[in-house]
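**Student:** Shown below is the structure under consideration.
Every number here is computed from the coordinates shown, using simple stated rules; none is lab data. Source: prediction; values computed, not measured. Cβ: placed from backbone, ideal geometry, glycine included. Neighbour counts: every protein chain shown.
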Amino acid sequence: MINRCRLLPIAAAAGLSLASTSFGQGTTDYDALRTADQAKAMLAKAVAAVKADKANALDMFNKGEGGFRDGNLTVECFNVSDGKFVATGNPNSKKYLGIDGRTFKDAHGSSLRLDEVAKKPEGEITIVDVELPKPGPDQRPVPKQNYATKVGDLICSVGYFYWYNR
């Protein structure tokens with residue numbers, strides 16, 4: 001029997017070495033291991049893009065261009081005012097654009113906590129744990145940790161899927 005705890009550091013190291021060569025290049029290797037640090041870095045880049053040119057940033061997020069889709073890392077944005085989902089690089093989530101994300105609940109009843117994020121100062125990060133369908137052909141719900149922050153009149157988040165018992 002294989003001890004998964006012993007394999008985790010090896011798998012993580014292998015995933016990091018592969019991820020570092022493709023980060024920001026718009027990869028679609030949905031199962032490649034991504035990290036919390038990569039998600040936070042993409043969020044920082046997304047915040048800078050929104051501050052520079054909101055309309056262009058939302059377009060890039062929706063298209064997954066400009067380094068805003070890397071494996072299972074994508075940017076999602078919602079309006080602060082009405083909670084409407086205005087951008088996602090996740091092809092599985094396109095059907096939710098225009099829907100009030102404050103009403104969303106995952107299979108366990110967890111929310112995206114948009115109201116909580118909206119009340120915090122701009123730039124303060126909120127960690128949101130949910131289970132969502134991962135990008136790509138296999139849409140079964142898996143654990144995802146999102147990093148969310150307010151930027152202007154938007155709430156933007158980037159999360160990474162983590163699963164070890166496939």
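**Student:** Just rank MET60, MET42, fewest to most, by other beta-carbon atoms within 10 angstrom.
**Tutor:** On the way: MET60 20, MET42 27.
So the residues, fewest neighbours to most, are MET60, MET42.
**Student:** Hey, which lysines would be in cross-link range of LYS120, C-alpha to C-alpha under 22 Å, not counting anything within fewer than 8 residues on its own chain?
**Tutor:** Reachable lysines: LYS40, LYS45, LYS51, LYS54, LYS84, LYS105, LYS144, LYS150.
**Student:** How far, in nm, would the chain grow between TYR96 and LYS63 when pulled straight, counting 0.36 nm per residue and subtracting the alpha carbon separation?
**Tutor:** Details: separation 33, 0.36 × 33 = 11.88 nm, distance 1.50 nm.
The span from TYR96 to LYS63 would gain 10.4 nm if fully extended.
**Student:** Would you mind computing, in nm to one decimal, how far apart the modelled labels at GLU124 and ASN79 are, each placed 7 Å from Cα along Cα→Cβ?
**Tutor:** Each label point lies 7 Å from its Cα, and together they span 2.5 nm.
**Student:** Multiply the residue separation of ASP138 and GLU116 by 0.36 nm, subtract the distance between their alpha-carbon atoms, and state the gained length in nm to one decimal. Spell out each step's value before the answer.
**Tutor:** Working: separation 22, 0.36 × 22 = 7.92 nm, distance 3.07 nm.
That pair, ASP138 and GLU116, stretches by 4.8 nm at full extension.
**Student:** Please enumerate, by chain and number, the aspartates and glutamates with C-alpha under 14 Å from the C-alpha of LYS95, excluding those fewer than 8 residues away in the same chain.
**Tutor:** Within the straight-line limit of under 14 Å, LYS95 reaches these aspartates and glutamates: GLU76.
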